[in-house]
Amino acid sequence: MDALNYGAYVAAQYNSTERTSDIGSPTYNSPPPLELDDEKDKKGKRPGKLVVRFGSPGQASLNNNNTGPMSSPSPTSLGVPDSLAMSLCRPSPEITDIAPAKRRPGRPRKLNPDGSYATNHVPLSNNLRTQQYNRRFFTEHARNLVPELCRHMYKLGWMSGTGGSFTIRQNKQIYITPSGVSKERILPQDLFVLDDHGNLLDCPIQEKRLKMSDNAVVFLAIYSMRNAGSIIHSHSQNAVLVTLIYKEQEFRISNQEMIKGLQKGNSGEHYSNDDTLVIPIIENLPAERDLTQRVTIAMQQYPMSNAVLIRRHGIYVWGDSWQTAKSQAESLDYLFELALKMNKYGIDPAAMPSGELGITD
Ligand code: ZN
């Protein structure tokens, strides 16, 4: 018996009693207990269909083959008037609404508002451990955010191959991506967790043979010097290209609206659109961890910059939260791309506006 017919059966039982009686009355025949037919449901004859059977012996036990509305016990045999019985037994298109829609493969599961189930933002793997992690950690937990944002940055072309890395500091714990893996496939349990002093608090299971990002030392230096909440290390082509166009140690751009998307160091103030944005450029080294000293020197020399470009390599961008780091990284990438296009047209991105319309001559 499906849920609708079970409801009809209960209604019939209630209608067959005196209207003055209530559920607490001894004249009310309480319905037999519901029992989910898990085994039959697992066989997949009608996936998602709620199947029930009566628990007491001697009564009909229904299976998935006869769960149609007309195959359930006739309400007329339960003392229901014919007219009501017809309306109760009439096949209804609504009956199909009882069965939840089939979930398309790979589609994210729905979330409870309290985040006790998997998030809307984090497509779940079929991997059981991943599902456990997603249920254990709420949507905004770094365990879920890091894989989600890595997928976002992969789509932007910032983490192609196994390049780039990402970290979030949350509740005095630093979550860092593993090294040498496809960032768009990282799972919540693949992250390394450090405290503010660099002590390892948690790591992926040994069987996965994952290694912490080589950038971890650089990240710790940035966290320490700038009290950052999140750091993005991107291999964006736009970032690499500007380091080839700007042969000096700085990238400069002036009078662009998107400059307002950047903050002035730790001040919390944003740049104005008529400011000149300056991002330092350091030279690359074979090992990413060896960049720490150059990055820290650049941070000291450019306290108003929340990013450091690495020539022929990419960029580090940070913010006091993952939202700030993400928005600044996206604004910067926009400005890099714009500067490259301006260069193509022979326009100096750092030049002050001139002429009547403010267009550089
Ligand atoms: Zn790198």
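The values are calculated or read from the model by the stated rules, or taken from the named source; none is laboratory data. Just so you know, these numbers come straight off a predicted model, no measurement behind them. For neighbour counting, all protein chains shown are included, and Cβ atoms are generated from backbone atoms with ideal geometry for every residue, glycine included.
Structure values in brief
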{"item": "Elements of type strands (runs of 3 or more DSSP E) in the range 179-282, at least 3 residues being within 23 Å of Phe336 (Cβ to Cβ)", "result": "230-234, 250-254, 276-282"}
{"item": "Index of the failed condition, Asp333 passing every other in (1) within 16 Å of the ligand (Cβ to nearest atom); (2) of a type in the set (Asp, Glu); (3) touching a Ser or Thr at 6+ places or on another chain (Cβ under 8 Å); (4) without any contact (Cβ under 8 Å) to a residue 24 or more places away in the chain", "result": "(4)"}
{"item": "The range 221-245, residues that are away from the ligand (no atom under 16 Å from the Cβ) and either without any contact (Cβ under 8 Å) to a residue 12 or more places away in the chain or closer than 25 Å to Ser321 by Cα (or both)", "result": "Tyr223, Ser224, Met225, Arg226, Asn227, Ala228, Gly229, Ser230"}
{"item": "The listed residue being in contact with an Asp or Glu (Cβ under 7 Å, 6 or more places away or on another chain) and either within 16 Å of the ligand (Cβ to nearest atom) or at pLDDT 95 or above (or both), out of Asn215, Asn255, Asn284", "result": "Asn215"}
{"item": "First in the range 199-213 and within 18 Å of Arg143 (Cβ to Cβ), second anywhere and part of a loop (DSSP other than H, G, I, E, B) and among the β-branched types (Val, Ile, Thr), Cβ under 7 Å, 6 or more apart", "result": "Leu210/Val181; Ser213/Thr177"}
